[in-house]
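The values are calculated or read from the model by the stated rules, or taken from the named source; none is laboratory data. This structure is a prediction, so every number in the text was calculated from the model and none was measured. When we count neighbours, we look across all protein chains shown, and the Cβ atoms used for this are built from the backbone with ideal geometry, even at glycine.
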Amino acid sequence: MNLSDSRVIDAERDLVWAAILDPEMLKLCVPGCQEMTGTPEEGFTATVVQKVGPVKATFKGAVTFSDMQPPESVTIAGEGKGGAAGFAKGGANVRLEAKGAQTVLHYEVEAKVGGKLAQLGSRIIDGFAKKMADQFFTNFQDHVGASPTEETNPEASEDTPKKGWLKRLVT
């Protein structure tokens, strides 16, 4: 399964770059992620629980970063084993484009599965992989950028977050 798209994030490129390399941010954004530890230089280990069709599995795996060109682009690769359910393997080429105070995040994702998961059929697997990629990048966009209500409603309530996760951290 291959997928490419882009997202506009309401944060400067350096902040988006830092968020891509942050294990806590990745844990927040990866759907079903229970644990994420490590460093960008050495790679991350992760535990993710997901249900694909009738198959629910806990995947333990590794995430590595390569071809890093700060703060412009990075290749992210991941591989997880879900025991009897099989395995999942994938990667994303991510490119960041500065656009004023915003960043356009372009991505190309490739995913493969094997074992019982592969027996579900390509239509289910492709749909699931697309949903996972969309959910990850939507979560990333929401956590890193300013909330949409901030731009459309400057009088938002005190309970509404005013800044994205990373912006709150560095300001």
Residue under evaluation residue 48, criteria (1) touching a helix residue (DSSP H, G or I) at 6+ places or on another chain (Cβ under 9 Å); (2) surrounded by 17 or more Cβ atoms within 10 Å (Cβ to Cβ), criterion not met: (1)
In the range 83-101, is there at least one residue being of a type in the set (Gly, Ala, Ser), touching a Leu at 6+ places or on another chain (Cβ under 9 Å) and touching a residue at least 60 places away in the same chain (Cβ under 8 Å)? no
Go through the range 51-72 and give me each residue that's in contact with a helix residue (DSSP H, G or I) (Cβ under 9 Å, 6 or more places away or on another chain), among the hydrophobic types (A, V, I, L, M, F, W, C) and under 13 Å from residue 88 (Cβ atoms). 52, 55, 57, 59, 63
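Examine the range 117-132 for a residue that is surrounded by fewer than 20 Cβ atoms within 10 Å (Cβ to Cβ) and assigned to a strand (DSSP E or B), and state whether such a residue exists. Walk me through how you get there before you give the answer.
As a first pass, look at the range 117-132 and keep what is surrounded by fewer than 20 Cβ atoms within 10 Å (Cβ to Cβ): 118-124, 126-127, 130-131.
Filter once more, so that each one left must be assigned to a strand (DSSP E or B): none.
No, the conditions are met nowhere in the range 117-132.
Suppose the filter is more than 30 Å from residue 14 (Cα to Cα), touching a residue at least 12 places away in the same chain (Cβ under 8 Å), not hydroxyl-bearing (Ser, Thr, Tyr) and not in a helix (DSSP H, G or I); does residue 113 pass it? Spell out the reasoning first.
Numbers: more than 30 Å from residue 14 (Cα to Cα): yes; touching a residue at least 12 places away in the same chain (Cβ under 8 Å): yes; not hydroxyl-bearing (Ser, Thr, Tyr): yes; not in a helix (DSSP H, G or I): yes.
So residue 113 passes the test.
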In the range 93-106, is there at least one residue being under 21 Å from residue 134 (Cα atoms), modelled with pLDDT under 95, surrounded by fewer than 20 Cβ atoms within 10 Å (Cβ to Cβ) and among the acidic types (Asp, Glu)? no
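For residues that are of a type outside the set (D, E, K, R) and closer than 19 Å to residue 31 by Cα, scanning just the range 66-82, find the one that is surrounded by the most Cβ atoms within 10 Å (Cβ to Cβ). If you could, list the steps in order and put the result at the bottom.
Narrowing the range 66-82 to residues of a type outside the set (D, E, K, R): 66, 68-71, 73-78, 80, 82.
Those still in the list that are closer than 19 Å to residue 31 by Cα too: 76-78, 80, 82.
Values: 76: 22, 77: 16, 78: 20, 80: 22, 82: 24.
Looking at residues that are of a type outside the set (D, E, K, R) and closer than 19 Å to residue 31 by Cα, I get 82.
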Looking at (1) in contact with a Phe, Trp or Tyr (Cβ under 9 Å, 6 or more places away or on another chain); (2) loosely packed, with under 15 Cβ neighbours inside 10 Å; (3) at pLDDT below 85, which is the only condition residue 114 fails? (3)
